[in-house]
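Student: Dropping a structure here in C-alpha cells format, bear with me for questions.
The values are calculated or read from the model by the stated rules, or taken from the named source; none is laboratory data. Since the structure is predicted, the reported quantities are computational estimates derived from the model, not experimental observations. Every residue, glycine among them, receives a Cβ derived from its backbone with ideal geometry; neighbour counts consider all protein chains shown. Each accessible area value is taken on the protein alone, full model and side chains, heavy atoms only, with ligands, DNA and RNA left out. Shrake-Rupley method; radii C 1.70, N 1.55, O 1.52, S 1.80 Å.
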Amino acid sequence: MKLLINPDEYLPLREVVFNTLRKAIIEGELDPGERLMEITLANKLGVSRTPVREAIRMLELEGLVVMLPRKGAQVADITVKDLTDALEVRMAIEELSVKLATKRLDEEAKREIADTNLRFKEAINSKLVPAIVDCDIAFHNSIYKASKNPKLITLAQNLREQVYRYRVEYVKDFSYHDYLVREHDEITRAIFNGDAETAVRVMNEHIYNQEQIVIRNLTTGSM
C-alpha cells in the first residue's frame, strides 16, 4: 500500500491526512476490515501520530472506520444494509434525473451525454478499473446536468462518494461489463428519443443489477 499525502497550506494537517485516508478507503486502496495502525500510517505519510489519530476519529464519524475493543481502528466493512440504503436513495435520484433530462434535453446536453458514453466504452475496453469508474461517474453526471436542476445535481454529488466503494466493487466484475455498456446505450437512446418511461425502467434495472452483483460478492466473500 502506498499512501501519498497531498499537502494543502490552507487546510489543517489533520484534514489533509483525513482526505488522504478517506480517498484510500473509498477507492479501495485500504480494504474493508484492514487495521489502521497509527504509527504505521504516520510513518507512511511522514507526519506525527496526532493528526493521524484525529483523522481516524473523523473517519469514524463518517462511518468509514470502526473502533473495535482490543483491536483498535479498522476500515469499516461494506454491509448489505449500507449498500441497500445508499442505492435506494441513488435510484430515486437517478429516476428523477432521467425524467427531467428527457424533458429538458438540449443539443449541448445531448453532445455531453453522447461523449461521456463513448468515453465509458473506451474505458471498458481498457480494462482499467479506476478509468471505468471515473467514466461511469462522468456519464451519470452528464445526465444530472441535463436535468437543469441545481438542487438535484448537488444531492447527486453529495451521494457520489458514499456509493463510490460500491461502484468500484461492481466494476471489478468484468463479466458484467457488456451489460453495463448495453444499459448505458439503452438509457442514452431513451433520453434522446424523449422516452422517459423506458429511460426510467432501464435506469432502475441498471442500479438494481449493480446492487445484486455487490450483494452476491458480499455474501460469497469474494470482495
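For (1) in contact with a helix residue (DSSP H, G or I) (Cβ under 8 Å, 6 or more places away or on another chain); (2) open to solvent by less than 70 Å² (accessible area, probe 1.4 Å); (3) of a type outside the set (V, I, T), each residue gets a yes or a no:
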position: R111; (1), (2), (3): no, no, yes
position: A114; (1), (2), (3): yes, yes, yes
position: F120; (1), (2), (3): yes, yes, yes
position: S126; (1), (2), (3): yes, yes, yes
position: V129; (1), (2), (3): yes, yes, no
position: I132; (1), (2), (3): yes, yes, no
position: A138; (1), (2), (3): yes, yes, yes
position: S147; (1), (2), (3): yes, yes, yes
position: L152; (1), (2), (3): yes, yes, yes
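Student: Right, here's the next one. Can you tell me which residues in segment 187-200 are open to solvent by 60 Å² or more (accessible area, probe 1.4 Å) and either of a type in the set (S, T, Y) or in a helix (DSSP H, G or I) (or both)?
Tutor: If the condition is that a residue be open to solvent by 60 Å² or more (accessible area, probe 1.4 Å) and either of a type in the set (S, T, Y) or in a helix (DSSP H, G or I) (or both), then R189, F192, E197 are the ones that fit.
Student: I'd like the full set of residues that are basic (K, R) and touching a helix residue (DSSP H, G or I) at 6+ places or on another chain (Cβ under 6 Å), limited to segment 38-52. Show your work before the answer.
Tutor: So the first thing to find is which residues in segment 38-52 are basic (K, R), and the list is 44, 49.
Within segment 38-52, R49 is the sole residue that qualifies.
Student: Can you name the number of the only condition in (1) closer than 23 Å to L83 by Cα; (2) modelled with pLDDT of 95 or more; (3) open to solvent by 80 Å² or more (accessible area, probe 1.4 Å) that Q162 fails?
Tutor: (2)
Student: Mind checking which residues of segment 81-97 are open to solvent by less than 60 Å² (accessible area, probe 1.4 Å) and touching a Ser or Thr at 6+ places or on another chain (Cβ under 8 Å)?
Tutor: Result: S97, single match.
Student: For K172, state whether it is under 25 Å from L30 (Cβ atoms), of a type in the set (D, E, K, R) and open to solvent by 90 Å² or more (accessible area, probe 1.4 Å).
Tutor: Working: under 25 Å from L30 (Cβ atoms): yes; of a type in the set (D, E, K, R): yes; open to solvent by 90 Å² or more (accessible area, probe 1.4 Å): yes.
Taking the combined requirement at face value, the residue satisfies it.
Student: So which residues in segment 21-34 are free of Cβ contacts under 8 Å to residues at least 40 places away in the same chain and open to solvent by 10 Å² or more (accessible area, probe 1.4 Å)?
Tutor: Answer for segment 21-34, where residues must be free of Cβ contacts under 8 Å to residues at least 40 places away in the same chain and open to solvent by 10 Å² or more (accessible area, probe 1.4 Å): K23, E29.
Student: Does segment 158-166 include one or more residues that are under 16 Å from E95 (Cβ atoms), part of a helix (DSSP H, G or I) and touching an Asp or Glu at 6+ places or on another chain (Cβ under 8 Å)? It would help to see each step written out before you state the result.
Tutor: At the first step, the residues of segment 158-166 found to be under 16 Å from E95 (Cβ atoms) are 159, 163.
Add one more test, that the residue is part of a helix (DSSP H, G or I), and what stays is 159, 163.
Next, from what is left, pick out any that are touching an Asp or Glu at 6+ places or on another chain (Cβ under 8 Å): none.
Checked segment 158-166: no residue is under 16 Å from E95 (Cβ atoms), part of a helix (DSSP H, G or I) and touching an Asp or Glu at 6+ places or on another chain (Cβ under 8 Å).
Student: Of everything in segment 43-76, what is over 16 Å from P12 (Cβ atoms), open to solvent by less than 70 Å² (accessible area, probe 1.4 Å) and of a type in the set (A, V, I, L, M)? Give them in sequence order.
Tutor: L64, V65, V66, L68, A73, V75, A76
Student: Just a yes or no: is a residue in segment 3-15 more than 17 Å from the chain's Cα centre (by Cα) and within 22 Å of V163 (Cα to Cα)?
Tutor: First, pick out the residues of segment 3-15 that are more than 17 Å from the chain's Cα centre (by Cα): 3-15.
In the following step, the residues that additionally are within 22 Å of V163 (Cα to Cα) were identified as 3, 15.
Yes.
Student: When the residues of segment 70-97 are narrowed to those that are part of a loop (DSSP other than H, G, I, E, B) and more than 18 Å from R216 (Cβ to Cβ), which ends up nearest to the chain's Cα centre (by Cα)? Talk me through it step by step, then tell me what you get.
Tutor: Here is the first cut: in segment 70-97, the residues part of a loop (DSSP other than H, G, I, E, B) are 70-71, 76-79.
Checking which are more than 18 Å from R216 (Cβ to Cβ) leaves us with 70-71, 76.
On the way: R70: 31, K71: 28, A76: 16 Å.
The residue in question is A76.
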